Amino acid sequence: MLRPLLSHRPLLSGTGASKICSTCNNVYLPSIAQHGQFSQLGATKKRLRLMPVGGSITYGVGSSDGNGYRQFLGDMLRTDGYQVQFVGSRRSGSMDDSNNEGWRGYRIDQINSQARKCVPTLLPQVFAINAGSNDCIQDFQMETLGLRMNNMLEFFWQANPSSVMILSTLLVNRDKDVNTRVMRANDQFRQLVELKTREGKKLVLADMDSSRGPQLDDLVDGTHPNDHGYKKMATIWFGAVQRACEKRFI
């Protein structure tokens, strides 16, 4: 239930927006030129500074090369003419453009705390957010999961008011109890998207909890996708970016 989202409690801590991670000064930001040739559509497409945000799935755990969905998504976007630059304080996987904000084992509140250190410096245009699986695994304060996600989104918008949020529903989980909590989380996320859309926010849902998303057979350990599952995720992320463009968010 999303009742806590209507709370009038402050969404941001007093100093969170002003703190900048000292390590961000050394974050590797690859040149767009490294990605080679783009399609002829490139002249009409945007440059995207995209930050993947989340836990171990964002980091790429379970994929054969550690790239997770990010390499697949980058290839799809570049083929379609976008000039993509992944940004983040972390690097993982074999891809050259491997920056991300994926924190293994972290809950939404913990991911938010880490992202606050670097988002004001990196200023992504687009956030691809898949967070909350660890909240479900740990059975951590499920009734306010949507509020915690709302707080993170609001901080990102405060850091860059023109940025676009692509919020993912969570992946299916082989553990029945965890999966029940995943379904509760996804209901809260869908309500959150409806709420923020009514507020006029630039927010698009990437629905991984669907027939097009990773299924149980696409998981290597009951939680993390294999390469095939990550490719399914990338396809859904790509569709969400396209919808954001259709809405003129990008």
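Of note:
- Residues in segment 102-159 that are more than 17 Å from LEU171 (Cβ to Cβ) and polar (S, T, N, Q): GLN110, ASN112, SER113, GLN114, THR121, GLN125, GLN141, THR144, ASN150, ASN151, GLN158.
- Odd one out for VAL53 among (1) at pLDDT 55 or above; (2) closer than 19 Å to PRO124 by Cβ; (3) touching a helix residue (DSSP H, G or I) at 6+ places or on another chain (Cβ under 7 Å); (4) in a loop (DSSP other than H, G, I, E, B): (4)
- Subset tally (residues that are small (Gly, Ala, Ser) and closer than 19 Å to ARG148 by Cβ) for segment 182-232: 2
- Among all positions in segment 204-223, there is at least one residue which is more than 19 Å from the chain's Cα centre (by Cα), assigned to a loop (DSSP other than H, G, I, E, B), surrounded by fewer than 19 Cβ atoms within 10 Å (Cβ to Cβ) and at positive phi.
- Criterion: in a loop (DSSP other than H, G, I, E, B), in contact (Cβ under 8 Å) with a residue 12 or more places away in the chain and either of a type in the set (Asp, Glu) or surrounded by fewer than 23 Cβ atoms within 10 Å (Cβ to Cβ) (or both) - qualifying residue of ARG104, ARG78: ARG104
- As a summary of the residue check, GLY200 satisfies the conditions (1) surrounded by fewer than 19 Cβ atoms within 10 Å (Cβ to Cβ); (2) free of Cβ contacts under 8 Å to residues at least 24 places away in the same chain; (3) part of a helix (DSSP H, G or I) except for the one numbered (3).
- Close pairs from segment 55-71: first farther than 18 Å from ILE108 by Cβ and touching a residue at least 60 places away in the same chain (Cβ under 8 Å), partner surrounded by fewer than 24 Cβ atoms within 10 Å (Cβ to Cβ) and among the basic types (Lys, Arg), Cβ under 9 Å, at least 6 apart: TYR69/LYS231; TYR69/LYS232
- Close contacts from segment 144-171, counting a first residue that is basic (Lys, Arg) and a second that is surrounded by fewer than 23 Cβ atoms within 10 Å (Cβ to Cβ), with Cβ to Cβ under 7 Å and a gap of 6+ residues or different chains, come to ARG148/ASP109.
Residue-wise test of (1) out of contact with any Leu (no Cβ under 8 Å at 6 or more places or on another chain); (2) within 18 Å of LYS202 (Cβ to Cβ).
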{"site": "GLN114", "(1), (2)": "yes, no"}
{"site": "VAL126", "(1), (2)": "no, yes"}
{"site": "ASN134", "(1), (2)": "yes, no"}
{"site": "PHE156", "(1), (2)": "yes, yes"}
{"site": "ALA159", "(1), (2)": "no, yes"}
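- Scan of segment 167-206 for residues that are touching a Phe, Trp or Tyr at 6+ places or on another chain (Cβ under 6 Å) and farther than 16 Å from PHE127 by Cβ, ordered by number: none
The values are calculated or read from the model by the stated rules, or taken from the named source; none is laboratory data. Note that this is a predicted model, so its numbers are computed, not measured. No Cβ is skipped: glycine too gets one built from the backbone with ideal geometry, and neighbour counts run over all protein chains shown.
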